[in-house]
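First the structure, in the form of structure tokens, and then the observations on it.
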Amino acid sequence: MAAVFEWPLRVYIEDTDAGGIVYYVNYLKFIERARTEYLRNLGFGKDFIFNNDLMFVVHSINCAYQKPARLDDQLLATASIVEMGKTFMLMEQKVYRPSGLSLDNELLFTAAVKVACVNRNTIKPQRIPQPLLLALQ
């Protein structure tokens, strides 16, 4: 569907365990940032979401850890839409350690993330607004 969005990150000491390796749950934070910046890049930041009484919540996630990231690594988190529904989007997300050429990027983490659109007040499923749907397609 949509092109792959890329968001650069750096690993700070707060992201790591005592051995200087990224703690597993922080990959979820990295891909959350990429999803947020993806929507912001399309013109749908927090103002749009809150003004429309929306929230996007993770319904489910299937992830795999390939290789560890380490303290001070520069990383690249990606987000792309693979399926759209009336009230949800299925996203493929990855975290890479970039190399000189994008073909040589080292894959560290992959995830399939189902994100549901809900009403902020009732937390019940809500249709994704048409302007956002169009921007995502």
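Quick look at the values:
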{"read-out": "Percent of alpha-carbon pairs separated by more than 21 Å within the chain", "value": "43 percent"}
{"read-out": "Solvent-accessible area, 1.4 Å probe, carbon plus sulfur percent, for region 1-115", "value": "52 percent"}
{"read-out": "FRET efficiency estimate (nearest 0.05) - Cβ-Cβ, L28 to K86, R0 25 angstrom", "value": "0.45"}
{"read-out": "Helix 26-41 vs. the chain, principal-axis angle (Cα, 0 to 90°, nearest 10)", "value": "50 degrees"}
{"read-out": "Residue-normalised accessible area of region 52-137, given per residue in Å² at a 1.4 Å probe", "value": "55 Å²"}
{"read-out": "Whole-angstrom Cα spans of region 15-63 along principal axes, big to small", "value": "43, 21, 14"}
{"read-out": "Cβ-Cβ FRET estimate between K67 and L134, R0 fixed at 41 Å, reported to 0.05", "value": "0.65"}
{"read-out": "Formal net charge of residues neighbouring L76 (Cβ-Cβ distance under 11 Å; K, R +1; D, E -1)", "value": "0"}
{"read-out": "Trypsin sites (Lys or Arg not before Pro) restricted to DSSP loop in region 12-87 with at most 13 other C-beta within 10 Å", "value": "K86"}
{"read-out": "Surrounding net charge for M89, when Lys and Arg each add one and Asp and Glu each subtract one, Cβ distance under 11 Å", "value": "+1"}
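The values are calculated or read from the model by the stated rules, or taken from the named source; none is laboratory data. Remember, predicted model here, so these are calculated numbers, not experimental data. Note: ideal-geometry Cβ built from the backbone for every residue, glycine included; neighbour counts use all protein chains shown. Only protein heavy atoms, including side chains, enter the accessible area calculation; ligands, DNA and RNA are left aside. Shrake-Rupley method; radii C 1.70, N 1.55, O 1.52, S 1.80 Å.
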